[in-house]
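The values are calculated or read from the model by the stated rules, or taken from the named source; none is laboratory data. Predicted model, so just to flag it, every value in this text is computed and none were measured. Because the Cβ atoms are built from the backbone with ideal geometry, glycine has one as well, and the counts that use them run over all protein chains shown. With ligands, DNA and RNA removed, areas are computed over all heavy atoms of the protein, side chains included. Shrake-Rupley method; radii C 1.70, N 1.55, O 1.52, S 1.80 Å.
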Amino acid sequence: MYLTKEEEKLLNSDNETISKSMEILLALGRIYQAEKLIQISSAHISGISYQNIGETGLEWLESLNAKVVVKTTVNPAGMDLMRWKEMRINKEFYTKQMKIIRALEKIGAEISLTCTPYYLHKIRFGMHIAWAESSAIIYANSIVGARTNRESGISAIASAIIGKTPYYGLHIGENRAPNILIKVKDVNPSALGFYLGNILKFDQIPIFRFKRRLSDDELKLLGAGLAATGNTAIFHVENQTPEWNDFEMPKEKIEIDRVEIEYRCEPDLIVLGCPHLSKEELVQVLGLLQKENKKVKRDLWLFTSREVANKNKELIEKIESFNAKVFCDTCMVVSPVTEEYECIMVNSGKALTYLPKLRGVNVSFGNLEECVKAAFQ
Ligand code: F3S
C-alpha cells in the first residue's frame, strides 16, 4: 500500500498510540488490497458501554495517548449519565462507565453517546467518513450518500487518530452498485430489514421498489434491521435515495408481499428508540399517548440522544407526563438493566436481534403504534 512521507512518519512515531493506529489501518488496507489511505471528515466510535467491553476494553481505552484529529462522536453508554439511579444502575457500574467516558474525553472525542450522530452533525453526499455502529453506517451510506465501510470500534478510533482510512469497499463508487432488486408491496420497515438481512448473501446490495415513499425514520429502521441480521452496509430505494439512479437496474429480482414477525410474549417493558428516536418519532409517540389520554400501565421507555432531548424539552416533559420515561446517552441493548425484565416489546429489527443474544431476554414485536398501545393494556 502506498504511504506518503507523512504517513511513514506516523507509522514510525515514538508515540505508541499513533504508530499502532497506523499499523491497524495498514493491516486493514492490506487485507482489502487498498492502494492508499484517504482523508476522512469524521469518525464514530462504537463499543463504549462498560457492559459490553468490560475491564479489558476500559484498560485499552485508558492506555490511549493521542488526540483525535477529526470530528469524532461516540455510541451510547450503558446508562443515562444524569438519571442512572432511576435506571437502577449500581454505583460500581456507574464508576466504571464514567472512567470510559473520561478516557474518550481525553482523546478528544465528543461525548455524544448516540447511535444517530447524523442528527448532531450534518454529513454530506460523497463525504468519506470512518464510522462504526452498523445502523449509523447504513444510514450514512444509503440515505445521505456519504461513504464508509463497516468499521469496528478499534478501527474507527485508529482512523480518528490518524484522520484517514484505507481506500477500499464502499469508499469506491462502483462498489456501491445494487445487485438485487426487491419489490415490496406492503412494508413494515423493521420487519423487512430483519427478514432480509437473514437471507441476503454477503455481497448483495439491494435496491428497493416500494409502493409508497418511506420517511427517513422508516428507512432508518429498515437499515438498522438489515445491518443487524446481515452484512449489508448500503441499500438504495428507487426514486428516493441519492444514488439509486447512478447504476444499472440489477437483473436479479425478488418480490415480497409482506413480512410478518411472530415474536410474542407478555411484555413487562416496552422500549422504543433503536436506533435513537428522532424529534419526529417523539412527536409521533406523544400523539399516540394523547390519543389514549391516560397514564401508561406498563413500563414504557424511550431512548434518544441528549442533543435531541435538550432541543425538545417541552416535548419530553409532555411524554413523561404520561409516566413514560425518556432516557438519553444509552439504549436497551447496551445497558445492563434490561436483563431484569422477562419480556421486552420492541418495534426495531435490531433490538429484536440483540436483546435475546446480548441481554438474554424474550422479545415481542410490534410497530410503533402497537408498542405504545401495549403500554396501556
Ligand atoms: Fe442504537 Fe442501541 Fe439500537 S446503539 S441502534 S439503540 S442497539
Need at least 2 residues that are among the hydroxyl-bearing types (Ser, Thr, Tyr) and not assigned by TED's automatic domain parsing to the domain that holds Leu358 per element, so show me which helices (runs of 4 or more DSSP H) inside the range 1-82 make the cut, counting only ones lying wholly within it. 16-31, 50-63
Can you give me the number of residues within the range 325-356 that are within 11 Å of the ligand (Cβ to nearest atom) and open to solvent by 20 Å² or more (accessible area, probe 1.4 Å)? 3
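Have a look at Pro250, Pro267 and point out the one that is more than 28 Å from Leu170 (Cβ to Cβ) and either open to solvent by less than 20 Å² (accessible area, probe 1.4 Å) or in contact (Cβ under 8 Å) with a residue 40 or more places away in the chain (or both).
Values: Pro250 fails: more than 28 Å from Leu170 (Cβ to Cβ).
Pro267 is the lone residue from the list that is more than 28 Å from Leu170 (Cβ to Cβ) and either open to solvent by less than 20 Å² (accessible area, probe 1.4 Å) or in contact (Cβ under 8 Å) with a residue 40 or more places away in the chain (or both).
Mind telling me which of the residues Leu58, Leu10 ends up being open to solvent by 10 Å² or more (accessible area, probe 1.4 Å) and among the aliphatic types (A, V, I, L, M)? First the steps, then the outcome.
Working: Leu58 fails: open to solvent by 10 Å² or more (accessible area, probe 1.4 Å).
Result: Leu10 is the single residue among Leu58, Leu10 that is open to solvent by 10 Å² or more (accessible area, probe 1.4 Å) and among the aliphatic types (A, V, I, L, M).
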Which pairs do you get when a residue that is farther than 14 Å from Ile157 by Cβ, found in the range 52-67, comes within reach of a residue that is part of a loop (DSSP other than H, G, I, E, B), reach meaning Cβ atoms under 7 angstrom, with the pair 6+ apart or on two chains? Asn52/Val334
Segments classed as helices (runs of 4 or more DSSP H), wholly inside the range 133-214, with at least 2 members that are in the same structural domain as Gly57 (by TED's automatic domain parsing): 134-139, 153-162
Of all residues in the range 245-293 being acidic (Asp, Glu) and in contact with a Cys (Cβ under 9 Å, 6 or more places away or on another chain), the one that is farthest from Leu113 (Cα to Cα): Glu266
Output the number of residues of the range 186-233 satisfying the condition of being small (Gly, Ala, Ser) and more than 22 Å from Gly273 (Cα to Cα). 0
Against the condition within 30 Å of Leu302 (Cα to Cα), open to solvent by less than 10 Å² (accessible area, probe 1.4 Å) and more than 16 Å from the ligand (Cβ to nearest atom), how does Leu25 come out, does it pass? no
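In the range 115-137, which residue that is closer than 19 Å to Val308 by Cβ and away from the ligand (no atom under 16 Å from the Cβ) is surrounded by the fewest Cβ atoms within 10 Å (Cβ to Cβ)? Steps first, answer last, please.
From the range 115-137, those closer than 19 Å to Val308 by Cβ are 115-123, 131, 133, 135-136; that's our starting set.
Checking which are away from the ligand (no atom under 16 Å from the Cβ) leaves us with 121-123.
Numbers: His121: 14, Lys122: 8, Ile123: 23.
The residue in question is Lys122.
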Pairs under 7 Å by beta carbon, first residue on the phi < 0 side of the Ramachandran plot in the range 131-156, partner within 11 Å of the ligand (Cβ to nearest atom) and among the charged types (D, E, K, R), six or more apart or different chains? Ser135/Lys350; Tyr139/Lys220
List, please: which pairs have Cβ atoms under 7 Å, are six or more places apart or on different chains, and start with a residue in the range 339-366 that is in contact (Cβ under 8 Å) with a residue 40 or more places away in the chain and among the aromatic types (Phe, Trp, Tyr) and end with one that is assigned to a helix (DSSP H, G or I) and open to solvent by less than 20 Å² (accessible area, probe 1.4 Å)? Tyr354/Ala228; Phe365/Leu352
Taking the condition of being modelled with pLDDT under 95 and either farther than 23 Å from Val184 by Cα or within 16 Å of the ligand (Cβ to nearest atom) (or both), how many residues in the range 232-264 meet it? 1
How about the range 86-102: which of its residues are open to solvent by 10 Å² or more (accessible area, probe 1.4 Å) and either hydrophobic (A, V, I, L, M, F, W, C) or not assigned by TED's automatic domain parsing to the domain that holds Tyr139 (or both)? Ile89, Phe93, Met98
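Does Ser112 satisfy the criteria of being touching an Asp or Glu at 6+ places or on another chain (Cβ under 6 Å), closer than 20 Å to Ser159 by Cβ and either within 15 Å of the ligand (Cβ to nearest atom) or charged (D, E, K, R) (or both)? Break it down into steps so the answer makes sense when it comes.
Details: touching an Asp or Glu at 6+ places or on another chain (Cβ under 6 Å): no; closer than 20 Å to Ser159 by Cβ: yes; either within 15 Å of the ligand (Cβ to nearest atom) or charged (D, E, K, R) (or both): yes.
No: the conditions fail for Ser112.
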